[in-house]
1. Find the relative contact order for the chain and round it to a whole percent, using C-alpha pairs within less than 8 Å whose residues are 6+ positions apart.
2. If you count the DSSP beta bridges with both ends in the range 13-262, what percent of them are antiparallel, to the nearest 5?
3. How long are the three semi-axes of the equivalent ellipsoid for the range 130-232, computed from the Cα gyration tensor as the root of 5 times each eigenvalue, in whole Å, largest first?
4. With a 10 Å cut-off between alpha carbons and a GNM built on the chain, which of 230, 75, 135 moves the most?
5. On the principal axes of its Cα set, how long, how wide and how thick is the chain? Give whole Å, largest value first.
6. As a test, work out the antiparallel percent of DSSP beta bridges whose residues both lie in the range 60-131, rounded to the nearest 5.
7. Counting other C-beta atoms within 10 Å, which of 20, 237 has the fewest, and how do the rest follow?
8. Which value in deg cm²/dmol, rounded to the nearest 500, describes the helix-derived mean residue ellipticity at 222 nm for the chain, given -39,500 (n - 2.57) per DSSP H run of n ≥ 4 and division by the residue count?
Amino acid sequence: MSMSGHDTNEFPVRVLGGPTALFEYGGLRFLTDPTFDAPGDYPSAGPTLTKTTPSAATPADLGPIDVVLLSHDEHADNLDTAGRALLADVPLTLTTPGGGQRLGGNAKGLADWESVELPRPGGGTITVTGVPAVHGPGKREEIEPITGQVVGFVLTGQGMPGVYVSGDNASLDAVEEIAERFAPVDTAILFAGAPRFPMLFGGGLLVLDSAQAAEAARTLGARRVVPVHHDSWAHFTEGRDELEAAFTSAGLADRLDRDWLQRA
């Protein structure tokens, strides 16, 4: 799926804070993990989540959304109250199998390697494939009972650059599985931030840290990386500076999205 003839910045990715990003691909407008609630404390079944910074936009600012790519629905830092309300106005939400059942309506769950074909406005289709993600350190069967199912996504289309959206994934083994099927990808939207809680998995990583994000980019052969999920929440322990340093140390600084770098 090499697309070396493409300009990797031919479609912008608008990062809105936390895991939320907006991009147009193949004539369709995609939104990742919608989070728009105000800063404050958000209790959960586990630790309380504290949002520290408002989102860069409101749902009303975004215009019509065709597809929400929702890595999972159980945590407020990936789907909050305003995000849930937005789903009612979106024709299709792709998420985990369990999330599809819980959300109902226009939500559809994707198992690993399951695909859906989406018609493009100008003809042709986009394929969205669900790919593995593990929301914590260790084996998936040990992690999922605690933090729940998570799904990532790969987007492909005839003549289109390949796109990977990682979701809340902490597993480089999962990234290697994805790379075996889809590498190289042109754009990787990588959830990072090194989130941790002392009471969960001994403080182990719930999502990739900065060095692992750089390693994931290398494994995927990603020509462009747009980091998300590294700001706006107190449990994220690494941010923009750590990401830039890690990609520079890995010799991959040129992979970081120019628009993302300019938002500093």
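1. For the chain, the relative contact order is 17 percent.
2. Close to 60 percent.
3. Equivalent ellipsoid semi-axes, largest first: 24, 14, 11 Å.
4. Of 230, 75, 135, the Gaussian network model singles out 75 as fluctuating most.
5. 47, 45, 36
6. For the range 60-131, the DSSP antiparallel bridge percentage is about 45.
7. Fewest-to-most ranking of 20, 237: 237, 20.
8. -6500 deg cm²/dmol
Computed from the coordinates by the stated procedures, all read-outs in this text should not be read as laboratory data. Treat the numbers as computed from the prediction; the structure is a model and nothing was measured. Please note: Cβ atoms are built from the backbone with ideal geometry, for glycine as well, and neighbour counts cover all protein chains shown.
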